[in-house]
Amino acid sequence: MPLAFNAVRLILACLSVVAVFVQANYLMSKADFQIGPFLSFFTIQANLIAVCVLVIEALGGLGISQGNRAAFRGAIVLYMGITGLVYAVLLSQLPIVKEIVHPFADGMHHLIMPLWILFEWVAFPPTARPSYRRSLWWLAYPLAFLFFSLGRGAITGWYPYPFLDPNQPGGWLAVGIVSGAILLLGCGMIWAILMLVPRFSDADHLRIGSE
């Protein structure tokens, strides 16, 4: 991988972390910051995971196998894709969101990072394509996030996103419909992400499946 490309990875990773602090400081200025809820947003978590993936790749993989690195990269393409799409479709035009999201953090976390992660996957795909069935495990984290958010919200009354709040119009039915739609979107996105990787031989498939 060209040195300049790895430098860009590290720069974007640093900017994403800076954007996290900028967003936290922005909420503090509005007296609307609590560390627990702040770290409970999927956007923040997904971007921090993306930072880790970028650093690992920029540093040559840190001894992680090609198969596992391909899985990590594919998973973060999914998570950042969900971050960007859900924000654009369900959240970006809400007045409350516009009030609390800093423009720099907004651009970094919802546009630049998702697009860069996707660009990397397309421009420098892994040497082998993970199987679709195995890649469905990428949904484990979004599902864990969903159930944890709903469980905690039932106890505390706070939900990270309006579409997860059963106290909003539509109640639990609306929550179930939106959550189900996002799950189906995730399944479709996994297929699309894998289709961007060139086919590989049966021998490679066996090797990757055993790693």
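Values as computed for the structure displayed
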item	result
Rounded Å value of the spacing that divides the Cα centres of segment 34-59 and segment 107-159	11 Å
Cα-derived Rg to Rh of the chain, Kirkwood definition	0.99
Within the chain, longest stretch clear of exposed trypsin sites (Lys or Arg not before Pro) (DSSP loop, no more than 10 other Cβ within 10 Å)	31-198
Using alpha-carbon coordinates, inclination of helix 3-29 to the longest axis of the chain, degrees	10 degrees
Candidates Ile49, Ile190, Ile100, ranked by Gaussian network fluctuation over the chain, Cα under 10 Å, top entry	Ile100
Charge context of Val53, other residues only, Cβ under 12 angstrom, K/R +1, D/E -1	+1
Point-to-point label distance, Ala181-Ile96, nm (Cα→Cβ direction, 7 Å offset)	1.8 nm
Helix axis angle, 66-86 relative to the chain longest principal axis, alpha carbon, degrees	30 degrees
Other-chain or far-sequence residues with amide H under 5 Å of Arg129's (modelled H)	Phe200
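Taken together, the values in this text are just the output of simple stated rules run on the coordinates, not laboratory data. Because the structure is a prediction, the values reported are computed rather than measured. Please note: Cβ atoms are built from the backbone with ideal geometry, for glycine as well, and neighbour counts cover all protein chains shown.
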